[in-house]
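Working notes, beginning with the structure itself.
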């Protein structure tokens, strides 16, 4: 693994951004395939990678749960540090200015 040497993102911000398994999966996906994704396409990709956790309540659709958590928690958190560019109105996400700072950590 390469040594963590961020251009702009602090070490604390980097570790906080990657504290969630879902956020690590999003960053890993966007580093490997740096396209713009719709929220639906991102959920499809993460579902294929088994990045879906158990939904609460248990009978809820895990894909719906994942979409809500990404939309309201994970993507806004990554957007705060410019790790991703998330447009909640268009429901799109793409790599942000500081995503490469996290490459050595995922």
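Just so it is clear, none of the values below were taken in a lab; they were calculated from the coordinates. From a predicted model like this one, the values you see are computed outputs, not experimental measurements. For neighbour counting, all protein chains shown are included, and Cβ atoms are generated from backbone atoms with ideal geometry for every residue, glycine included.
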Over the Cα atoms of segment 11-105, compute the convex hull volume and normalise it per residue, giving Å³.
-> 90 Å³
Put a dot 7 Å past each Cα toward the Cβ at residue 44 and residue 100; how far apart are the dots in nm?
-> 2.9 nm
Potential lengthening between residue 80 and residue 36 on full extension [0.36 nm per residue; Cα-Cα distance subtracted] = 14.1 nm
Dividing the Cα convex hull volume of segment 62-106 by residue count, how many Å³ per residue is that?
-> 79 Å³
